[in-house]
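The values are calculated or read from the model by the stated rules, or taken from the named source; none is laboratory data. From a predicted model like this one, the values you see are computed outputs, not experimental measurements. Don't worry about glycine lacking a Cβ; one is built from the backbone with ideal geometry, like all the others, and counts go over all protein chains shown. Calculation scope for accessible area: heavy atoms of the full protein, side chains included, ligands and nucleic acids excluded. Shrake-Rupley method; radii C 1.70, N 1.55, O 1.52, S 1.80 Å.
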Amino acid sequence: MHLTDQGNINVSDLGLAMLLGITVGLCSAAPLIWLSWKIPQQIFTHACLTVGLTRPHPEIGGFSWQDALFVGGVCASAVGAVAAKGIDLTGLVAFYYCAMLLLLARIDARTYLLPDVLTLTLLWAGLIWHSTESGDLTLSRAVWGAAAGYIVLWGPCALFGVWRGREVMGHGDFKLSAAIGAWLGCQTLPFVWLIASGSSLLIALVANYFGARRLRDPMPFGPGLALGGILMLFFDWQ
């Protein structure tokens with residue numbers, strides 16, 4: 001979606017956009033935080049019952065600084081969606097896209113999971129949105145964006161995995177990339193991947209410097225993809 005050329009909020013209405021966006025963001029943050037705990041719990045519980053998984057499922061914890069950062073991101077996304085798209089269905093859809101990416105990033109950062117119930121729903125929502133007259137892309141461009149988002153990441157990772165004998169990236173990352181491609185199209189994906197790679201590398205280096213993790217430790221890629229997908233939402237690449 002390309003918001004910069006279609007905004008219908010004037011500069012004089014920026015205060016209203018900020019007020020409405022922050023209100024929507026705060027009201028949405030609590031249910032999203034609850035979902036970020038509940039969905040992984042259900043996945044782990046189902047895995048324990050069906051395949052005998054012994055990995056403990058995450059317990060719901062107290063409000064942390066990560067949750068505060070998440071709330072800030074939700075509010076900022078709501079303000080951006082309202083200010084760029086307006087107080088209408090298009091603005092609501094833009095906020096939904098951002099909120100789902102933030103929810104997926106929060107889950108992946110804590111559990112290394114990108115649940116299909118969220119990634120595939122986001123993908124289909126993008127295709128359906130662009131099949132309507134309100135979408136910014138044609139349906140064919142959205143479909144090609146989804147295909148490119150999956151295949152371009154999956155291909156090199158599959159070859160590298162065969163060479164090294166282990167997976168280097170989870171399939172949830174491929175599906176999330178495909179979902180972003182369904183919303184933004186092929187032409188934006190290289191920038192999404194660049195932002196995702198750069199931000200993930202920066203976080204890994206900082207964490208290694210402060211002793212929080214080693215560079216060889218697994219690194220969730222979902223938060224980086226979510227950051228790239230949200231930032232590129234507000235640029236026009238048509």
DSSP loop chymotrypsin sites (Phe, Trp or Tyr not before Pro) in segment 144-238 with at most 14 other Cβ atoms within 10 Å of their Cβ, which ones? 210, 235, 237
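With Cβ to Cβ distances under 15 Å as the rule, what net charge do the other residues near residue 227 carry (K, R +1; D, E -1)? Intermediate results must be reported in sequence, preceding the final value.
On the way: positive: 106; negative: 108, 173.
Summing Lys and Arg as +1 and Asp and Glu as -1 gives -1.
Using a 1.4 Å probe over the heavy atoms of the protein chains, calculate the carbon and sulfur portion of the accessible area of segment 87-238 as a whole percent. Before the final figure, lay out the partial values.
On the way: 5350 of 7580 Å².
Within segment 87-238, the accessible surface is 71 percent carbon and sulfur.
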Any chance you could check the Cα centroid distance between segment 129-154 and segment 199-230 for me, in angstrom? 28
Taking a virtual spin label 7 Å from the Cα of residue 88 along the C-beta vector, which residues in segment 106-137 bring their backbone nitrogen under 18 Å of it? 129-137
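For segment 105-238, what is the accessible area per residue in Å² when the probe is 1.4 Å? Before the final figure, lay out the partial values.
Working: 6980 Å² over 134 residues.
Result: 52 Å² per residue.
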Which of 180, 196, 128 sits farthest toward the positive end of the charge dipole of segment 97-238, with +1 on the Cβ of Lys and Arg and -1 on the Cβ of Asp and Glu? 196
With a cap of 11 neighbouring Cβ atoms within 10 Å, and only residues DSSP puts in a loop, list the trypsin sites (Lys or Arg not before Pro) found in segment 120-197. 166
